[in-house]
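Below you'll find the structure, written out as structure tokens, and then a few comments.
Derivation of every value follows stated rules applied to the coordinates shown; laboratory data play no part. Remember, predicted model here, so these are calculated numbers, not experimental data. No Cβ is skipped: glycine too gets one built from the backbone with ideal geometry, and neighbour counts run over all protein chains shown.
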Amino acid sequence: MSFARSLTIAGVAIFLILLLARLPAALITAVLPPSVSVSSLQGSFWRGSAGYAQVQLQGKWFALGRVSWRIKPLGLVVGDAIEVKSDWGKQSIAAAAGASVNGDIHLSDVALTTRVDWIRDLIPLYIAGELKLTIVDAEISADGVPSRAEGRIVWENAAWQAQGGDVSLGTYAIDLTTGANGISGDIVTLKGALELSGQFNLDGNRYAVKADLSGPAVRNEAFQQAIALMAVPTGSGYRIDLSGTL
């Protein structure tokens with residue numbers, strides 16, 4: 001190959017790299033699914049931000065707020081292709097993600113802090129408090145169902161919402177692992193007036209929560225009225241056995 005031809009090829013390659021690097025952030029909308037909405041885009045396709053973003057979960061829109069991202073070209077072939085961060089009031093999310101050829105999504109280094117009020121749109125629990133999720137490694141199938149997760153969920157300043165006012169409960173944790181029966185974890189009490197112990201399981205899109213409730217909080221009349229339709233009295237308190245689909 002002559003020197004002139006090599007120089008021409010190198011020049012074309014540099015031009016294409018510069019052209020790709022300057023792709024506007026607005027092009028990100030071309031690769032987003034209908035369940036994600038963004039506005040006020042800035043920056044480039046590879047490193048940009050949205051002034052406001054929201055994602056649809058079970059037919060409900062969940063606000064992400066301001067979102068920034070960085071796409072790693074090499075990650076489009078192997079590894080995590082994108083790093084995302086978002087902030088919305090006291091809510092914050094950070095994660096790295098990549099996609100396989102069959103549409104499955106791989107997540108790593110996930111850190112999420114949010115209030116749990118929105119959970120009752122998915123699961124019939126009238127609860128309040130702050131949720132902190134740390135996921136080392138996770139997989140979500142192409143149809144949006146979690147299939148693997150390794151990490152920890154902490155529910156801080158938990159409260160049960162009742163007509164007479166919120167009932168303070170405590171702080172609880174679930175260490176998530178993945179096995180033959182899907183994603184599961186033991187529910188443990190870190191502190192609080194309600195002693196909570198049990199198991200959580202997510203197999204495909206079916207969830208199950210089984211827990212025993214005891215401690216001073218179970219003697220609260222407002223708490224007893226709030227859980228009367230979903231808990232069974234036991235010798236030491238109550239037992240909850242919930243199941244359903246996401």
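Structure data summary
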{"read-out": "Per-pair calculated FRET efficiency, R0 = 22 Å: Asp80 and Arg206 via Cβ, rounded to 0.05", "value": "0.20"}
{"read-out": "Potential lengthening between Ala228 and Leu190 on full extension [0.36 nm per residue; Cα-Cα distance subtracted]", "value": "11.2 nm"}
{"read-out": "Residues of type lysines that Lys72 reaches as a straight line, Cα spacing below 25 Å, ignoring anything fewer than 8 places off in the same chain", "value": "Lys85"}
{"read-out": "Cβ-based net charge around Phe200, under 13 Å, with every Lys or Arg adding one and every Asp or Glu removing one", "value": "-1"}
{"read-out": "5 angstrom amide H check on Arg47, placed H, neighbours 5+ away", "value": "Ile71"}
{"read-out": "For Tyr207, distant residues with modelled amide H under 5 Å away", "value": "Gly244, Thr245, Leu246"}
